[in-house]
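This report concerns only the one structure given below.
The values are calculated or read from the model by the stated rules, or taken from the named source; none is laboratory data. No experiment lies behind these values; they were computed from the predicted model shown. Methodologically, a virtual Cβ is constructed for each residue, glycine included, from the backbone with ideal geometry; neighbour enumeration extends over all protein chains shown. Heads up: the accessible areas ignore ligands, DNA and RNA and are worked out on the full protein's heavy atoms, side chains in. Shrake-Rupley method; radii C 1.70, N 1.55, O 1.52, S 1.80 Å.
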Amino acid sequence: MAGLFVIAALTACGTVSSPLPDAARPMKAPTTPALVVPGPSTASPGCGDLTASLRPPAVLPGPGAMPAGSYLETIAKRGYLTVGVRPDTPPFDSLTPDTNQFEGFEIDIAKLVAAAIFGPVDVDKHVKFHTLTAAERISSVRSGKLDMTTATITVTCDRLTQVDFSSVYYLTSKAVLVQRGSGFRGLEDLGGRRVCAASGTTSIQRVVDAPSHPVAVPVANVAACLVALQNGSVDAVVNDEIVLAGMAAQDPETEIVGQGPDDVPVAAAVSKAHPELTRFINGVLAAAASDGTWTRIYNQRLLKDLHRPAPVPPAARYRD
């Protein structure tokens, strides 16, 4: 497949090692969204296979050879890819205060896509990261503000009506973070207790829908949940296991409990107006899964917090 050398070259380069250029500096959201506690989930018709995305081309166009008239050519001519990320969900996405650089599993996924468009030389100049709250992850690409978001987004039926998703690049589970020695084993023990999650996420919905009826406490950014747990404002935090693993690594006095099955699909969101970009991203992801790049990124970014060997990359599924 054309362009595979780009992925290998990018992986060899590692993470950002120099200050971010203007085109890659984070941009804070212009407004602070309302913190909303959703109502209970209601029954809705199925949407088929949640994980099925658009089939990539048989051969990816190489850097500098994006198809004429395509949105990929628009990105190439612009000179950078715009990507929404979360600054506070290590080891998936985070902004390191000391260096003002983004790091994480999904940051590397975004860089793979940029490298496949522009080539591996100075790839950091070709990604413009925008920091988002959880509630802004869908609207940012739906409105055309950003090309894609790699921001711990769970694929859901409702979100599929608003945006397209790439192939699933990570499967995780929902879990609960509590103080060690609390005695809590999961949401079933937290009835009437205050449980924190980010507004606009499937995690806050999970709290609302819990049969034990905990009290949902929404925040704009999930990092605030760890602070709230530490100061006793809440009794627990609900999120994806990988995000909670990052929190537990920051505070050894916490522990993860109530972990469910690995049935939470995480993927990149892309505007429905740009299916060629979704297909291109899927080609990059397929190459990364087959040539070992996905596993190398896992080992570099996730292994130290998850403490388990890299699984097999999620199998790509296509609906066409």
In the chain the DSSP beta bridges are antiparallel at a rate, in percent to nearest 5, of 55
Treating every alpha carbon of segment 122-196 as one equal point scatterer without solvent, the Debye formula yields log10 I(q)/I(0) values at q = 0.13, 0.19, 0.23, 0.26 Å⁻¹ of -0.62, -0.93, -1.09, -1.24
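If you take the beta carbon distance between residue 100 and residue 310 as r and set R0 to 35 Å, what does 1/(1 + (r/R0)^6) give as a FRET efficiency, to the nearest 0.05? Intermediate results must be reported in sequence, preceding the final value.
Details: r = 29 Å, r/R0 = 0.83.
E between residue 100 and residue 310, to the nearest 0.05, is 0.75.
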Given backbone amide H placed at 1.01 Å from N, residues whose amide H is under 5 Å from that of residue 198, ignoring those fewer than 5 places away on the same chain, are 204, 219
To the nearest Å², the heavy-atom accessible area per residue of the chain with 1.4 Å probe amounts to 42
Computed, not fitted: 222 nm per-residue ellipticity of the chain from DSSP H runs ≥ 4 (each -39500 (n - 2.57)), nearest 500, equal to -8500 deg cm²/dmol
For segment 75-180, the percent of accessible surface on carbon and sulfur atoms (probe 1.4 angstrom, ligands and nucleic acids excluded) is 51
The simple spin-label model distance between residue 318 and residue 65, using points 7 Å out along Cα→Cβ, in nm, is 1.9
In Å³ per residue, the alpha-carbon convex hull of segment 40-163 encloses 136
Once Lys and Arg are counted +1 and Asp and Glu -1 for all other residues with Cβ under 14 Å from that of residue 118, the total becomes +1
Expressed as a whole-number percentage, the relative contact order of the chain with C-alpha contacts under 8 angstrom and at least six residues apart is 26
Most fluctuating of 223, 210, 68 in the GNM of the chain (C-alpha, under 10 Å) is 68
Residue by residue through segment 315-320, the couplings from Karplus 6.51 cos²θ - 1.76 cosθ + 1.60 with θ = phi - 60°, in Hz, x for Gly and Pro, are 6, 6, 10, 10, 9, 9
Taking a crude spin-label model, label points 7 Å out from Cα along the C-beta direction, the residue 233 to residue 162 distance in nm is 2.5
For residue 179 and residue 122, extending 7 Å from Cα along the Cα-Cβ vector and measuring point to point gives, in nm, a value of 5.2
In whole Hz, the Karplus estimates of ³J(HN,Hα) for segment 148-162 (6.51, -1.76, 1.60; θ = phi - 60°; x where Gly or Pro) are 7, 10, 10, 8, 6, 8, 7, 6, 9, 4, 4, 5, 5, 6, 10
Zone reached by a paramagnetic label modelled 7 Å from residue 250 Cα along Cα→Cβ, restricted to segment 76-117 with backbone N below 14 Å, covers 86-98, 103
Calculating P(r) over Cα pairs in 20 Å bins from 0, in percent from this structure picks out, from (1) 32, 56, 12, 0; (2) 34, 58, 9, 0; (3) 25, 33, 20, 14, 8, 1, entry (2)
Number of Lys pairs in the chain closer than 18 Å at Cα, excluding neighbours under 8 places apart unless interchain, is 10
